[in-house]
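Structure record follows, encoded as structure tokens.
The values are calculated or read from the model by the stated rules, or taken from the named source; none is laboratory data. Just so we're clear, the structure is a prediction, and the values are computed from it rather than from any experiment. Counting neighbours? That spans all protein chains shown, and the Cβs are built from the backbone with ideal geometry, glycine included.
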Amino acid sequence: MDLNDYYFIGIDGGATKTTGVLFNSLGKTLSTATDLGTNLVEYPKIFPKRILNVINNLCSNANITIDMIDSIGLGIAGTSNEYGRELLFKTMSNIGLDKRSLIISDAESAFVTSCKLYPAFLITIGTGLICMGRKNDGTTFRTAGKGHADDGDVGSGFWIGKKMIMHLALNESIIEEDRFLFPMSKLVMERLDSNSFSEAVNKIANSENKISITASFAKNICDFAEQGNDVALGILQEGTQAIADEILNLVRKMDYRSQKILLSGNGSLVRNIFFRRCLNDAMQFDFNDIAWTFSTISSAYGSGILSAKLVDVDISLESILNGDPIAAV
């Protein structure tokens with residue numbers, strides 16, 4: 001079979017957004033598709049339909065049929081959940097891809113596209129949070145990744161948005177007079193097209209996309225904090241200190257002792273310069289040199305590259321980069 005005739009799908013699914021790519025073994029991207037979040041824990045009733053939408057759109061856009069797919073890599077948040085994992089495998093079975101599917105976490109997918117040097121540290125901060133490291137001998141370590149429950153990942157985009165909403169709710173009687181709280185309340189009402197803060201909160205609570213909606217406020221909070229909003233800054237400082245503790249926990253697990261560290265960032269929130277500055281400040285007493293690097297291509301390629309090994313095809317990042325890939329988000 002000619003290398004052009006091998007077709008691979010890679011999917012990167014988080015709590016807010018799902019990205020899919022279809023490419024051949026020469027690394028050429030043939031089509032792309034996106035949908036809303038597919039976290040296996042948070043969206044057990046919705047994620048199968050969304051993943052199928054991505055797969056169908058990828059194939060349709062490339063003018064091929066699903067049976068022509070040689071392998072598919074599914075880098076999805078929440079794969080440690082047994083029920084969600086079984087449901088995902090059943091979804092693949094229903095379209096005949098179960099024997100050609102590789103199911104991994106979204107962090108594992110991002111590791112392929114983000115980390116080239118070892119030891120490596122991948123810090124994923126978007127709607128959720130997970131820190132992953134790998135030593136020279138291939139041993140892997142993880143911290144965070146607790147999800148979106150009340151005791152979940154402090155510092156994640158969801159936590160930051162929820163923290164802001166809770167702060168507003170506790171101080172609702174003085175919002176109008178408070179110069180820090182008022183712009184936050186106005187933001188929530190405008191985002192939810194509501195006439196009052198209470199109405200907006202009810203809309204969020206009753207939405208099937210409440211996690212992604214809540215997390216969407218994180219970028220605005222970074223902007224508020226940078227503009228001198230003390231409440232927003234306090235939320236960011238609490239969150240980034242908790243993330244710094246998770247990173248230090250990872251460093252200790254890996255027995256990494258250098259005062260210099262290179263962190264591979266992944267996720268929309270960690271790409272925010274002000275957020276990253278706050279995080280660096282929280283780690284300044286533990287490292288005298290902190291550097292960040294970011295992949296230029298979507299993490300979806302990572303799961304696709306790994307899945308290609310199921311049919312003994314090795315695809316390099318260089319070939320993907322030369323094949324007109326979609327950018328990281």
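Being in contact (Cβ under 8 Å) with a residue 12 or more places away in the chain and over 22 Å from Gly126 (Cβ atoms) holds for only one residue in Lys186, Lys253, and it is Lys253. For segment 128-157, a residue qualifies if it is farther than 19 Å from Cys115 by Cα, at pLDDT 95 or above and of a type outside the set (Val, Ile, Thr), and the qualifying residues are Gly155, Ser156, Gly157.
Once segment 122-133 is narrowed to residues that are in contact with a Gly (Cβ under 7 Å, 6 or more places away or on another chain) and small (Gly, Ala, Ser), the residue that is surrounded by the most Cβ atoms within 10 Å (Cβ to Cβ) is Gly128. Apart from one condition, Thr124 fits all of (1) more than 15 Å from the chain's Cα centre (by Cα); (2) modelled with pLDDT of 95 or more; the exception is (1). Pairing each residue of segment 151-163 that is in contact (Cβ under 8 Å) with a residue 40 or more places away in the chain and closer than 13 Å to Glu238 by Cβ with any residue that is among the acidic types (Asp, Glu) and not in a helix (DSSP H, G or I), provided the two are 6+ apart or on different chains, yields C-beta distances under 9 Å for Trp159/Asp153. Is it true that some residue in segment 38-60 is buried (at least 20 other Cβ atoms within 10 Å of the Cβ), assigned to a strand (DSSP E or B) and either in contact with a Lys or Arg (Cβ under 9 Å, 6 or more places away or on another chain) or at positive phi (or both)? Checking segment 38-60: not a single residue is buried (at least 20 other Cβ atoms within 10 Å of the Cβ), assigned to a strand (DSSP E or B) and either in contact with a Lys or Arg (Cβ under 9 Å, 6 or more places away or on another chain) or at positive phi (or both). For segment 282-323, filtered to residues that are in contact (Cβ under 8 Å) with a residue 40 or more places away in the chain and touching a Lys or Arg at 6+ places or on another chain (Cβ under 7 Å), the residue that is nearest to Leu262 (Cα to Cα) is Phe294. Hey, among the residues in segment 167-177 that are closer than 19 Å to Leu236 by Cβ and without any contact (Cβ under 8 Å) to a residue 12 or more places away in the chain, which one's surrounded by the most Cβ atoms within 10 Å (Cβ to Cβ)? Of everything passing the filter in segment 167-177, Asn171 is surrounded by the most Cβ atoms within 10 Å (Cβ to Cβ). Going by what's in this entry, would Ile69 be described as surrounded by fewer than 17 Cβ atoms within 10 Å (Cβ to Cβ) and either in contact (Cβ under 8 Å) with a residue 40 or more places away in the chain or under 21 Å from the mean Cα position of the chain (by Cα) (or both)? So Ile69 does not fit the description; no. Criterion first (closer than 18 Å to Leu306 by Cα and in contact with an Asp or Glu (Cβ under 9 Å, 6 or more places away or on another chain)) does Gly78 satisfy it? Answer is no for this residue.
Residue count for segment 228-250, restricted to those that are out of contact with any helix residue (DSSP H, G or I) (no Cβ under 9 Å at 6 or more places or on another chain), surrounded by fewer than 17 Cβ atoms within 10 Å (Cβ to Cβ) and not charged (D, E, K, R): 2.
Would a scan of segment 108-117 turn up a residue that is touching a residue at least 60 places away in the same chain (Cβ under 8 Å), aromatic (Phe, Trp, Tyr) and part of a helix (DSSP H, G or I)? Yes. For segment 165-209, a residue qualifies if it is in a helix (DSSP H, G or I) and of a type in the set (Ser, Thr, Tyr), and the qualifying residues are Ser173, Ser185, Ser198. For segment 1-23, the set of residues classified as of a type in the set (S, T, N, Q) and either in contact (Cβ under 8 Å) with a residue 60 or more places away in the chain or in contact with a Cys (Cβ under 8 Å, 6 or more places away or on another chain) (or both) consists of Thr16, Thr19, listed by residue number. Residues of segment 134-164 that are in a strand (DSSP E or B) and either of a type in the set (Ser, Thr, Tyr) or buried (at least 24 other Cβ atoms within 10 Å of the Cβ) (or both): Thr140, Thr143, Ala144.
Only residues that are in a loop (DSSP other than H, G, I, E, B) and either more than 25 Å from the chain's Cα centre (by Cα) or within 27 Å of Ser25 (Cα to Cα) (or both): list them for segment 72-100, please. Matches in segment 72-100: Ala77, Thr79, Ile95, Gly96, Leu97.
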